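Colleague: First, the structure itself, so that you have it in front of you.
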Amino acid sequence: MFIYLFLSLLLLSAGAYHLGRKRAFVVANGHIRKLHSLPSFYGSYTALWCFLPALIVFGLWITFQQGFIIDLVVAGMPPELRNLPPDQLNLVVNDLKNLVGGNFVSSAPNPAMLAAADHYRHLRTVGNAALWVTVLSLAILGVVHAWRAISPTLRARNRVERVVNVFLIASSTIAIFTTLGIVLSVVFESILFFQKVPISEFLFGLQWSPQTALRADQTGSSGAFGSVPLFAGTLLISGIAMVIAVPIGLMSALFLSEYATPKFRAVAKPALEVLAGIPTVVYGFFAALTVAPLIREIGTSMGLHVASESALAAGLVMGIMIIPFVSSLSDDVINAVPQSMRDGSYALGATKSETIKRVLLPAALPGIVGSILLAVSRAIGETMIVVMAAGLSANLTANPLEAVTTVTVQIVTLLTGDQEFDSPKTLAAFALGLMLFIVTLILNIIALQVVRKYREQYE
Amino acid sequence: MNKVISSPDPLQRNIKTIVNASLPRRHAAERRFRWYGLIAVSLGLAFVVLMFGNIISKGYPAFWQTYIQVPIQFDPAVIDPQGNRDPQALQSADYAALVRAGMRRMFPAVEGRLELRALYGLVSSDGALELQNRVLQNPELIGAEQEIWLLASANVDTLIKGNIERSLDETERPIKDNQIGWVDQLQAAGQIEKQFNTILFSSGDSREPEQAGIRGALMGSFYTLLITFLLSFPIGVATAVYLEEFAPKNRWTDLIEVNINNLAAVPSIVFGLLGLAVFINFFGLPRSAPLVGGLVLSLMTLPVIIIAGRAALTSVPPSIREAALGVGASKLQMVGHHVLPLAMPGMLTGSIIGMARALGESAPLLMIGMVAFIVDVPKSFTDPATVLPVQIFLWSDLPERAFVERTSAAIMVLLAFMIVMNGLAIILRKRFERRW
Amino acid sequence: MSTTIIEAKANLDNALNAEGRQIPLSSVQITDYDHRQTVGKITVDNPKMICRDVNVYYTGKQALKHVSIDIGANEVIAFIGPSGCGKSTFLRCLNRMNDTIPFCQVIGEIKLDQDDIYDKSIDVVQLRARVGMVFQKPNPFPKSIYENVAYGPRIHGMVDGKAEMDELVRASLERAGLLKEVENRLSEPGTSLSGGQQQRLCIARAIAVNPEVILMDEPCSALDPIATAKIEELIDELRENYTIVIVTHSMQQAARVSQRTAYFHLGDLIEIGETDQIFTNPKHKLTEDYITGRFG
């Protein structure tokens, strides 16, 4: 539906381009040299006048149309529906949408709902028709304006380039707006959360049980929101992951860059990097269905109690995921150590491993630390593996065989499923998100700084 | 300038014997270190093989599905009691009764409610739909009798694939002794067959494992990625061009750069929070829609494309720019005519890699509700949908063995897409690699 | 006497069989150009190293052709020649630093005292401890001054205990003429020193292992004239205890520090002789052209 309008608009713009070009030839009496710019710029100028204003109106319209229509429909509903509390009204609106869309509805539609649905459909048809008319007439108006403006002295190239320039600058600010959006959205909701739960309890509380806040009218419905067990669990799992990933990743990088033959390296390096390309949900599946039962079996056979969602399983698989991350970062760092260092060591009669251990690693240490910090930040923010393989209950333990939960797991569990948006339970997810964002941001900034300093040292 | 070295001179040692004495120990250490390295690499490679082996061995049986041949009599009394071929009546007829009758005809000896229910349980409830489709397409069938291959239930399928331990106690397995007996009879009579599993690719999600497919998720992924690409590619290229070719070196562009580098390392779930708070709660876009998923993923993919794009632009030598400016091109013409075409392969490579990552991403999509159980295949950008990795996540939670199999199969499809996309990126890079 | 390609191939064959090198012959394309006969006396009375018919190939390209030369004990011998002439390549053969370069093959005989250094029984670790090396650019390790000097003795297990190591480090720095300048800051990083000091630190690092021969690959090319003068003075003093082979692009330096000089040209050893004679009365036309500045 909207796609067709968009395509029509594109088609119209293409026509406008040709029209503009033709017009330029006409006003120049066929002497292109008289024109300020090349005819194609006059074409682009016309096309932009056709496309941009119409597109802006189009975008705004479809952003607001649905909300506007729903408001109108709700206003036209019988009072017993209209005056429902907001959450129930939401359900009604949802039913309405389903009814309009021809889907199944939760209950048999009553006449009021059917009437509302008809009202909705009617408004939508009118709205869409109005949209078509508005957008297309705007486009044509734009063409007319440009067509009249074209003259040999019109600086079409400069104007077109200015538009392109604005587009380029606007694009580059998206990154800023994204960061701003992240910060604002988590900070805003977190402030709401900290109005309900004191910040000190959140930061230092040892109890985490948001599930008690089931109903808004329940006494003591605030639950317990001490995030310490979550961060402890996150650290435990990330720690296990690093114990796996750092030695294997680092040793692989060393072996591949210092020992392996070029042929072996050409095969093994991309093969290891395959691990980096596998989606995390696949790791989660592997952890939950293969590794966790295996660990449990082994543990039980040794007479240990192992939880079926042990931190060890999640950490182990996360470690595997991070191996290529550590190894490729360390590889860069190790290769940045100048060959003259190695030569100096070999010339004194050092063996390869002595050179690596006593010269290369100390020289590369800052860079390696930086890469490990980046890897830690990755592990802390990793979601799918822990959602699928780690537990839900917040245990404060250092035993890797027990089930722990993590920050990301809690964010996911708190925000999936239906709940009111302003309950402390939902807001807690944003507070956790804020903490996660801050921690990973600090880690990243330190790591990038360390690595950059390190690179400059050898440049 | 004469120098007197204190005696006994510490430098006067017989280096040859000292070094010789230390050699065995040092060579042993050398070998050990080398071994550690080799073990580390082998472990890494072993994990790759183990994961692929594990998933393929679990998933490949899902590409075949068990069917049972049932003699169906298209009884006019059931389908069209009025005999006027009214489509409405044909649509709503009780086709499941035909299936049940067919089953009874194969095993006339079975009696009793429980027994019969067990018998009917051998075929999937999909059988009725299948018969309905056939009749609607060809009303001539009414009154005829045909041997029809009907989809077997998931338990029968699992049994046929050998994933149910027959020696287990009856109460501990999903399929009962009498059912196993019937299945064995059918198998002996050649009325059980494994066919290529088209349902996996042609239908949406379902609670019944044998009817569940990934088409819905695939279409969801397609719509989501289309949005992601349409947004992130032009914006990413524009940003890279601006920062590399036009931007003045000042605080503002420094800020943008720092921002982009940091965004590349922000956990994906935080982008999900952004999507939930901004796109859904603030702008009121629909939950579970590929549109929102695409928006969130494009914000995640942007840094990847920008970084790759800038790398591609810096690899274009300045001489090209000078040549273009030298003949009087404007800066934009220089970029548009010369620099961008040369950098495009590199940018495309980066974008494909970014898109492959977006294809595998699931965490942020959980936040914006693309995690619902959705049977219908989405038809537009605003229909409720899920994506392939999230479908995998949903299925992995289900206990049935048949779903484990399908999950692994879905993973294989996902990995195949990843391999194709990354392979494309590598080919593109190789093909257009340029040495200046 | 010019060796034909067939002979060279046979030589290489034999060498490969004898050494059991890993690179298959088929991968090596051999082009043996005519080489020039060396002018001058290649032998000495008291040789430390004897090199005979040394050829070096980089992926089949011949970088050094049939070089034969003796290096006398406690002498300073300078290798000069235009860039790309093979002088550095030859230097790196003397302690097998070429081993670290893939696809580099050395064929011929090089003896240190009585030991053939390319023989299987010779350990490259031991060889490099006996034949130290100083590089073109000073390359101190990113460690303290003390640790830089202690590195060699430590890896070779040459000293027992801290006191002995202290003494060895001080003695090495003393001998390299650096002790006075760094005495009070031994724990500062080696990279904090000036270029000339760094190079002397590298010399101290090399002599801490007490090598028999020290190879110097253009040790002053990255230094200013004053630092260069200090190093040259040092080389002269070190001659008492060590044999020194120095590659230099500066003829004046060769004239100042060496007793004998060898002139290399496009992989050939053209002329060898007493330094005075080479610079005052060169016998070969190419040598004369080079030292009179016609090219190079």
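Colleague: Can you find, within region B:47-65, the residue that is most open to solvent (accessible area, probe 1.4 Å) among those that are more than 10 Å from every other protein chain (Cβ to nearest Cβ) and among the hydrophobic types (A, V, I, L, M, F, W, C)?
Modeller: Step by step, filter region B:47-65, then rank; the result is B:64.
Colleague: Would you check if there is a residue in region A:408-419 being open to solvent by 20 Å² or more (accessible area, probe 1.4 Å), at positive phi and at the interface with chain B (Cβ under 10 Å from one of its Cβ atoms)?
Modeller: Within region A:408-419, one or more residues are open to solvent by 20 Å² or more (accessible area, probe 1.4 Å), at positive phi and at the interface with chain B (Cβ under 10 Å from one of its Cβ atoms).
Colleague: Could you list, in sequence order, all residues of region A:14-46 that are under 20 Å from residue B:336 (Cα atoms) and either open to solvent by less than 20 Å² (accessible area, probe 1.4 Å) or among the charged types (D, E, K, R) (or both)?
Modeller: A:21, A:37, A:39, A:42, A:43, A:45, A:46
Colleague: For residue B:261, state whether it is more than 7 Å from chain A (Cβ to nearest Cβ), open to solvent by 20 Å² or more (accessible area, probe 1.4 Å) and among the polar types (S, T, N, Q).
Modeller: no
Colleague: Further question on the same structure: Could you tell me which of the residues B:294, B:360 is within 13 Å of chain A (Cβ to nearest Cβ) and either over 18 Å from residue B:223 (Cα atoms) or open to solvent by less than 50 Å² (accessible area, probe 1.4 Å) (or both)?
Modeller: Unique residue meeting the criteria: B:360.
Colleague: Which one of these is open to solvent by 40 Å² or more (accessible area, probe 1.4 Å) and closer than 23 Å to residue A:362 by Cβ: C:153, C:140, C:189?
Modeller: Every option except C:189 fails the conditions.
Colleague: Hey, another quick one. Going by the conditions given, is residue A:76 open to solvent by 50 Å² or more (accessible area, probe 1.4 Å), small (Gly, Ala, Ser) and either touching a Ser or Thr at 6+ places or on another chain (Cβ under 8 Å) or modelled with pLDDT of 75 or more (or both)?
Modeller: Yes, satisfied.
Colleague: Out of region B:404-427, which residues are surrounded by fewer than 23 Cβ atoms within 10 Å (Cβ to Cβ), within 11 Å of chain A (Cβ to nearest Cβ) and touching a Phe, Trp or Tyr at 6+ places or on another chain (Cβ under 9 Å)?
Modeller: Answer for region B:404-427, where residues must be surrounded by fewer than 23 Cβ atoms within 10 Å (Cβ to Cβ), within 11 Å of chain A (Cβ to nearest Cβ) and touching a Phe, Trp or Tyr at 6+ places or on another chain (Cβ under 9 Å): B:404, B:412, B:415.
Colleague: Could you please give the count of residues in region C:206-227 that are within 14 Å of chain B (Cβ to nearest Cβ) and either open to solvent by 10 Å² or more (accessible area, probe 1.4 Å) or assigned to a loop (DSSP other than H, G, I, E, B) (or both)?
Modeller: 5
Colleague: OK, next. Of all residues in region A:245-255, count the ones that are open to solvent by 10 Å² or more (accessible area, probe 1.4 Å), at the interface with chain B (Cβ under 9 Å from one of its Cβ atoms) and in contact (Cβ under 8 Å) with a residue 24 or more places away in the chain.
Modeller: 2
Colleague: If you don't mind, there's one more thing I want to ask. Looking only at region B:70-85, which residues are open to solvent by 60 Å² or more (accessible area, probe 1.4 Å) and of a type in the set (D, E, K, R)?
Modeller: Selection gives B:85 alone.
Colleague: When you go through C:135, C:103 one by one, which is the residue that is within 14 Å of chain A (Cβ to nearest Cβ) and within 12 Å of the chain's Cα centre (by Cα)?
Modeller: Selected residue: C:135, the only one of C:135, C:103 that is within 14 Å of chain A (Cβ to nearest Cβ) and within 12 Å of the chain's Cα centre (by Cα).
Colleague: Any residue at all in region A:352-366 that is assigned by TED's automatic domain parsing to the domain that holds residue A:295, under 21 Å from residue A:436 (Cα atoms) and not aliphatic (A, V, I, L, M)?
Modeller: For region A:352-366, residues assigned by TED's automatic domain parsing to the domain that holds residue A:295, under 21 Å from residue A:436 (Cα atoms) and not aliphatic (A, V, I, L, M): absent.
Colleague: Scan region C:228-276 residue by residue and report those that are hydroxyl-bearing (Ser, Thr, Tyr) and in contact (Cβ under 8 Å) with a residue 60 or more places away in the chain.
Modeller: C:242, C:243, C:248, C:258, C:261, C:263, C:275 - these are the residues of region C:228-276 that are hydroxyl-bearing (Ser, Thr, Tyr) and in contact (Cβ under 8 Å) with a residue 60 or more places away in the chain.
Colleague: For region B:311-335, which positions are at pLDDT 90 or above and within 11 Å of chain A (Cβ to nearest Cβ)?
Modeller: Selection gives B:335 alone.
Colleague: Assuming residue B:329 fulfils every condition listed in (1) in a loop (DSSP other than H, G, I, E, B); (2) under 34 Å from the mean Cα position of the chain (by Cα); (3) closer than 28 Å to residue A:37 by Cα apart from one, which condition is it?
Modeller: (2)
Colleague: Pairs under 7 Å by beta carbon, first residue assigned by TED's automatic domain parsing to the domain that holds residue B:236 in region B:248-275, partner hydroxyl-bearing (Ser, Thr, Tyr) and open to solvent by 20 Å² or more (accessible area, probe 1.4 Å), six or more apart or different chains?
Modeller: Between residues of region B:248-275 that are assigned by TED's automatic domain parsing to the domain that holds residue B:236 and residues that are hydroxyl-bearing (Ser, Thr, Tyr) and open to solvent by 20 Å² or more (accessible area, probe 1.4 Å), the close pairs are B:259/A:179; B:263/A:179.
Colleague: Looking only at region C:144-163, how many residues end up being at pLDDT 90 or above and either part of a loop (DSSP other than H, G, I, E, B) or farther than 27 Å from residue C:231 by Cα (or both)?
Modeller: Count: 2.
Colleague: Here is a follow-up. Looking at region B:103-129, I want the residues that are hydroxyl-bearing (Ser, Thr, Tyr) and have a partner that is open to solvent by 70 Å² or more (accessible area, probe 1.4 Å) with Cβ atoms under 9 Å, at least 6 apart or on another chain. Which pairs are those?
Modeller: As it stands, the answer is B:120/B:100; B:120/B:104; B:124/B:208; B:125/B:208, since those pairs meet every condition given.
Colleague: What single numbered condition from (1) surrounded by fewer than 18 Cβ atoms within 10 Å (Cβ to Cβ); (2) closer than 14 Å to residue B:182 by Cα fails to hold for residue B:106?
Modeller: So the condition that residue B:106 fails would be (1).
Colleague: What's the number of the only condition in (1) surrounded by 24 or more Cβ atoms within 10 Å (Cβ to Cβ); (2) within 7 Å of another protein chain (Cβ to nearest Cβ) that residue C:130 fails to meet?
Modeller: (1)
Colleague: Right, next: Taking region B:276-291 as the search range and keeping residues that are part of a helix (DSSP H, G or I) and either at the interface with another protein chain (Cβ under 9 Å from one of its Cβ atoms) or free of Cβ contacts under 8 Å to residues at least 60 places away in the same chain (or both), which one is farthest from the chain's Cα centre (by Cα)?
Modeller: That would be B:282.
Colleague: Report yes if some residue within region B:225-244 is in contact with a helix residue (DSSP H, G or I) (Cβ under 9 Å, 6 or more places away or on another chain), under 30 Å from residue B:352 (Cα atoms), in a loop (DSSP other than H, G, I, E, B) and within 14 Å of chain A (Cβ to nearest Cβ); otherwise report no.
Modeller: There is no residue in region B:225-244 that is in contact with a helix residue (DSSP H, G or I) (Cβ under 9 Å, 6 or more places away or on another chain), under 30 Å from residue B:352 (Cα atoms), in a loop (DSSP other than H, G, I, E, B) and within 14 Å of chain A (Cβ to nearest Cβ).
Colleague: Then there's this: Mind checking which residues of region B:314-350 are without any contact (Cβ under 8 Å) to a residue 12 or more places away in the chain and of a type in the set (S, T, N, Q)?
Modeller: Of everything in region B:314-350, those that are without any contact (Cβ under 8 Å) to a residue 12 or more places away in the chain and of a type in the set (S, T, N, Q) turn out to be B:319, B:330, B:333.
Colleague: Let me ask something else about it. Have a look at A:431, A:394, A:390 and point out the one that is within 18 Å of residue A:231 (Cβ to Cβ), crowded, with 20+ Cβ neighbours inside 10 Å, in contact with a strand residue (DSSP E or B) (Cβ under 6 Å, 6 or more places away or on another chain) and in contact (Cβ under 8 Å) with a residue 40 or more places away in the chain.
Modeller: Exactly one of A:431, A:394, A:390 is within 18 Å of residue A:231 (Cβ to Cβ), crowded, with 20+ Cβ neighbours inside 10 Å, in contact with a strand residue (DSSP E or B) (Cβ under 6 Å, 6 or more places away or on another chain) and in contact (Cβ under 8 Å) with a residue 40 or more places away in the chain, namely A:394.
Colleague: Could you check how many residues of region A:133-187 are touching a His at 6+ places or on another chain (Cβ under 8 Å) and either surrounded by fewer than 16 Cβ atoms within 10 Å (Cβ to Cβ) or at positive phi (or both)?
Modeller: Qualifying residue count for the region: 2.
Colleague: Of these, A:267, A:291, which one is of a type in the set (A, V, I, L, M) and either open to solvent by less than 10 Å² (accessible area, probe 1.4 Å) or in contact (Cβ under 8 Å) with a residue 24 or more places away in the chain (or both)?
Modeller: A:291
The values are calculated or read from the model by the stated rules, or taken from the named source; none is laboratory data. If you're wondering where the values come from, they're calculated on a predicted model, not measured in any experiment. FYI the Cβ positions are ideal-geometry reconstructions off the backbone, even for glycines, and counts take in every protein chain you see. These area figures cover heavy atoms from the full protein model, side chains too; ligands, DNA and RNA do not enter into them. Shrake-Rupley method; radii C 1.70, N 1.55, O 1.52, S 1.80 Å.
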